[in-house]
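Structure first, then comments.
The values are calculated or read from the model by the stated rules, or taken from the named source; none is laboratory data. In this text, all values refer to a predicted model and were calculated from it rather than measured experimentally. Glycine gets a Cβ as well: all are built from the backbone with ideal geometry, and neighbour counts include every protein chain shown. With ligands, DNA and RNA removed, areas are computed over all heavy atoms of the protein, side chains included. Shrake-Rupley method; radii C 1.70, N 1.55, O 1.52, S 1.80 Å.
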Amino acid sequence: MADFNPAASTLPSATHWEPPPGITQAQRRFTMTGTLIAMLVAALDQTIVATAGPAIQADLDIPSSLYAWLTTSYMVSSAATLPLFGKLSDLLGRKVTLLAGIGIFVLGSVLCALSPTALTLILARTVQGLGSAALFTSAFAVVADLYSPVERGKYQGLFSAVFGFASVVGPLVGGFVTDAFGWHWVFLINFPVGVIATLMVVRMPALKPHREEHDRPQLDIPGAVLLIATVVPLLLGLSLIHPEDAVPGTVDRSFTSPLILGLGGIAALMGALFIWRERRAPDPLLDLRLFSNRTFALGILATFLGGMTFLSSVVFLPLFMVNVVGLSATASGLTLTPLTLGVVAGNLSAGHLVARLGRYKGLMIASAVILMVGFLFMGLTLNTGSTQAGVTAKMVLLGLGLGPGMPLFTIAIQSAVPMRQVGVATSSATFSRNLGSTIGVAVMGTVFATTLLSHGIGGEALTGQLTGPAQQALTQAISGIYKTNFWIAGLGLLVTFLLPSVVLRKAAGRKSDPTGPGPQAPARA
């Protein structure tokens, strides 16, 4: 088998988008509706289980050491298989992959509802994660199949807004269903919704894979195995990090502990083998030549940095709202709602502006600046006298800065690759965002714990009514997270400045990426 050398190989240029033949506008709307419903099911399950968690723990007698795995198992299996399902959607088509994703997800949901023990529930959540990976990557790729680059912004923003909607509605629905019917129905409710989504997807027109007639579809099984063997220990290690545990008498789970270093070493070794395999595979799971495309490489880096700031900006805030501001757990959760609404507004408005202007870089830069201002404002003004109203207003600003990133960078990345690799490109963007979120939480957890420990306070002290010095320490720890995110957002802004400026075209046969053949008129962001 011939070795693959990215430096010496020709990078496939971004092919021009052409409308799928024989598909009417009504069929497009029907396809989008079915895909949205399918993705909403998976997006809801990322948050709906949170409020059902205590009831599940009590009923199944889940030890505290395993409680986090109800979420971790779902997130790790989903992230680890995103590239695999992205490749499958390119080889087999979006419709087949969507149907497979719905089937796997519904199966996992039923298994969750019937689980008699903590172990079976964790394994069932892993199955759910596999289905969600197929749904997420195929859903965003469907938009690229149906609409030209300049039109995608509206629909990518709509799909991104579904995640924001799910983060608000999920906990509320989870609490209501658990209280009214029991925790089993948190999972069983996915069955009828999955059936509806299946019936709609079955009626979707077949979106044929974008490949040449002489191409023979191949799935790089060794590459898929090595990628999973890389991502699973990496994400597990990041999820297990707890710097405050590095004290005598506890299990050391700091960055330098044998457990974390061991998982990191396994991930590094498997990652090196994955790269070695992909350089030699005739049809690699991830075409490494894509990273020589400046738009693709910088877009992936930007989504990674965006993921680092997004999740970490909301995970730790409820601790401040409960222990310093003095809110209930429910009220503290509602403080995050404005951020989510800001994200949704940013998603939708950015998409429509791109559709109108045909440009995305200027909007990316503007949103990055707003995000930096929001993080700096939070980091400098958060204090023990902060009120719920004041924090809520700042959350809106953060949401408006975070919102446009997901759809805009997805558009840029999709437009930089050939249509036959849109699934791989889309899954790569989603994967980098998820990886960034996991690493971001781990990094900010270290900032949080280190600040508390410098004041002589451990995580176990954050219970009950805090005294003045403890409140001050917690406030400094939370504000330190936002100050750190300010610098990460600044790096994201620098990456965005380096991103090529592209004018998106609507007509088939015109340029949508500067790496492709043919003349390209100069464009300004």
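If you check Met444, Met419 for being open to solvent by less than 20 Å² (accessible area, probe 1.4 Å) and modelled with pLDDT under 80, only one passes: Met419. For segment 406-418, the criterion of being closer than 19 Å to Thr337 by Cβ and not polar (S, T, N, Q) is satisfied by at least one residue. If the condition is being within 26 Å of Gln472 (Cβ to Cβ), touching a Pro at 6+ places or on another chain (Cβ under 6 Å) and open to solvent by less than 30 Å² (accessible area, probe 1.4 Å), then segment 368-416 contributes only Met395. Among the residues making up segment 447-489, those that are in contact with a Pro (Cβ under 8 Å, 6 or more places away or on another chain) and either modelled with pLDDT of 85 or more or open to solvent by 30 Å² or more (accessible area, probe 1.4 Å) (or both) are Thr450, Leu453, His455. Hey, does segment 91-108 have a residue that's touching a Pro at 6+ places or on another chain (Cβ under 6 Å), closer than 30 Å to Leu288 by Cα and not in a loop (DSSP other than H, G, I, E, B)? Within segment 91-108, one or more residues are touching a Pro at 6+ places or on another chain (Cβ under 6 Å), closer than 30 Å to Leu288 by Cα and not in a loop (DSSP other than H, G, I, E, B). Pairs are defined by a Cβ separation below 6 Å, a sequence spacing of at least 6 or placement on different chains, a first member in segment 398-418 that is β-branched (Val, Ile, Thr), and a second member that is crowded, with 24+ Cβ neighbours inside 10 Å and modelled with pLDDT of 85 or more; the pairs so defined are Thr410/Ala429; Ile413/Phe296; Ile413/Gly299; Ile413/Ala429.
Select from segment 286-318 the residues that are surrounded by 20 or more Cβ atoms within 10 Å (Cβ to Cβ) and hydroxyl-bearing (Ser, Thr, Tyr) and write down the one among them that is nearest to Pro500 (Cα to Cα). Residue satisfying both the conditions and the ranking: Thr295. Phe136 meets each of the listed conditions (1) buried (at least 22 other Cβ atoms within 10 Å of the Cβ); (2) touching a residue at least 24 places away in the same chain (Cβ under 8 Å); (3) under 19 Å from Ala52 (Cα atoms) apart from (3). All of Leu319, Leu334, Leu311, Leu286 fail the test of being in contact with a helix residue (DSSP H, G or I) (Cβ under 9 Å, 6 or more places away or on another chain), in contact (Cβ under 8 Å) with a residue 12 or more places away in the chain and more than 30 Å from Leu227 (Cβ to Cβ), apart from Leu319. The condition of being in a helix (DSSP H, G or I) and more than 24 Å from Ser432 (Cα to Cα) holds for only one of Val354, Val344, Val322, that being Val322. Looking at segment 354-364, is at least one residue farther than 23 Å from Val495 by Cα and either modelled with pLDDT of 85 or more or surrounded by fewer than 19 Cβ atoms within 10 Å (Cβ to Cβ) (or both)? Looking for residues that are farther than 23 Å from Val495 by Cα and either modelled with pLDDT of 85 or more or surrounded by fewer than 19 Cβ atoms within 10 Å (Cβ to Cβ) (or both), one finds at least one in segment 354-364, hence yes. Between Leu408, Leu398, Leu376, the distinction of being more than 26 Å from Gln471 (Cβ to Cβ), part of a helix (DSSP H, G or I) and hydrophobic (A, V, I, L, M, F, W, C) belongs to Leu408 only.
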